[in-house]
Amino acid sequence: MQNKKPQKKPLNKALQLSGAGLQMGLTIYLGFLLGTWLDKKFELSFLTQTITLLAIFLAMYSLIKQANKIND
């Protein structure tokens, strides 16, 4: 009579984490491309590094959130 959550298979967890890794790489790469484009458009030299760094933080936050969701 107890309501237990169904156990997720380890393979399913591994697939979800690998997808999260790909998403992280894509987020960082798109941040780099956006920063490069903005640097060329506005003739600046700091936006590539700034936006790439923000993309890294965003990707890490997303990865940690997804990992916590998978482990629950």
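The values are calculated or read from the model by the stated rules, or taken from the named source; none is laboratory data. Predicted model, so just to flag it, every value in this text is computed and none were measured. FYI the Cβ positions are ideal-geometry reconstructions off the backbone, even for glycines, and counts take in every protein chain you see. Heads up: the accessible areas ignore ligands, DNA and RNA and are worked out on the full protein's heavy atoms, side chains in. Shrake-Rupley method; radii C 1.70, N 1.55, O 1.52, S 1.80 Å.
Below are the figures for this structure:
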read-out	value
Range of Cα positions in the chain per principal axis (Å), largest first	66, 19, 12
Residues of the chain: accessible area per residue with a 1.4 Å probe, Å²	85 Å²
Cβ-based charge dipole, the chain, positive-most Cα from Leu33, Phe46, Leu63	Leu63
FRET efficiency, Leu44 to Lys65 (Cβ-Cβ, R0 35 Å, nearest 0.05)	0.65
Protein accessible area in the chain, 1.4 Å probe - carbon and sulfur %	67 percent
